[in-house]
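The values are calculated or read from the model by the stated rules, or taken from the named source; none is laboratory data. The shown structure was predicted, so the numbers you read here are calculated from the model rather than taken from an experiment. As a convention, Cβ positions derive from the backbone with ideal geometry for all residues, glycine included, and neighbour counts pool all protein chains shown.
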Amino acid sequence: MINKLITTHRETLIQFLKFGTIGVIGFVFDTALVYFGVDVLGFSHTGAGFFSFPFVATFTWVGNRLFTFANAPRGNRRKQWMRFLMVCGIGLVFNRGTYALLVNLVPLVYEHLFLGLIAGTAAGMFFNFFASKKLVFR
């Protein structure tokens, strides 16, 4: 049964793993920007989480365009980037919503922001992958 599932959805599974790879790199970039926002720019923990979004979304769009969905039709870059930002904006509700909730309610997460970033990333990842596959890189 598992072999049939893998065979049937092989391309999607490979894309999901590639998407996750770009996501891990994006997560490192995101974490660095959040700490930069807090420590250097003086943003609140929640504000720093929102500050990093456009930078990380653009970085992951490029990575997914070139790596994850390299075989997808190229189309107009600006329109594709805008669709990706819209998808990520919706995913942001899951991602940063989880992050903000945990940072503001769990003292351990407030002290260790990366824990909230991990939880938020996981919450938004599945939505972002399937929406990107169906709406952005088609």
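Contact map, the stretch 53-70: residues that are outside any helix (DSSP H, G or I) paired with residues that are modelled with pLDDT under 95 and surrounded by 20 or more Cβ atoms within 10 Å (Cβ to Cβ), Cβ distance under 6 Å, separation 6+ or inter-chain. Pairs shown: Phe69/Phe137. Among the candidates Leu41, Leu33, the residue that is among the aliphatic types (A, V, I, L, M) and surrounded by fewer than 13 Cβ atoms within 10 Å (Cβ to Cβ) is uniquely Leu41.
Taken together, the residues in the stretch 87-109 that are surrounded by fewer than 16 Cβ atoms within 10 Å (Cβ to Cβ) and at pLDDT 95 or above amount to 5. Within the stretch 82-131, the set of residues being more than 16 Å from Val24 (Cβ to Cβ) and among the hydroxyl-bearing types (Ser, Thr, Tyr) comprises Thr98, Tyr99, Tyr110.
If you go through the stretch 110-122 and keep only what is part of a helix (DSSP H, G or I) and surrounded by fewer than 19 Cβ atoms within 10 Å (Cβ to Cβ), you end up with Tyr110, Glu111, Phe114, Leu115, Ile118, Ala119, Ala122. Can you find a residue that is surrounded by fewer than 14 Cβ atoms within 10 Å (Cβ to Cβ) and either under 11 Å from the mean Cα position of the chain (by Cα) or farther than 22 Å from Thr12 by Cβ (or both) anywhere in the stretch 124-132? For the stretch 124-132, residues surrounded by fewer than 14 Cβ atoms within 10 Å (Cβ to Cβ) and either under 11 Å from the mean Cα position of the chain (by Cα) or farther than 22 Å from Thr12 by Cβ (or both): present.
Residue count for the stretch 8-47, restricted to those that are in contact (Cβ under 8 Å) with a residue 40 or more places away in the chain and of a type outside the set (Phe, Trp, Tyr): 13.
Is it fair to say Thr46 is of a type in the set (Val, Ile, Thr), modelled with pLDDT of 95 or more and assigned to a helix (DSSP H, G or I)? For Thr46, the condition - of a type in the set (Val, Ile, Thr), modelled with pLDDT of 95 or more and assigned to a helix (DSSP H, G or I) - is not met.
Tallying residues that are closer than 11 Å to Thr60 by Cα and among the β-branched types (Val, Ile, Thr) within the stretch 11-37 yields 4.
Check the stretch 19-30 and report whether any residue there is assigned to a helix (DSSP H, G or I), more than 20 Å from Ala131 (Cβ to Cβ) and touching a helix residue (DSSP H, G or I) at 6+ places or on another chain (Cβ under 6 Å). Scanning the stretch 19-30, I find at least one residue that is assigned to a helix (DSSP H, G or I), more than 20 Å from Ala131 (Cβ to Cβ) and touching a helix residue (DSSP H, G or I) at 6+ places or on another chain (Cβ under 6 Å), so the answer is yes.
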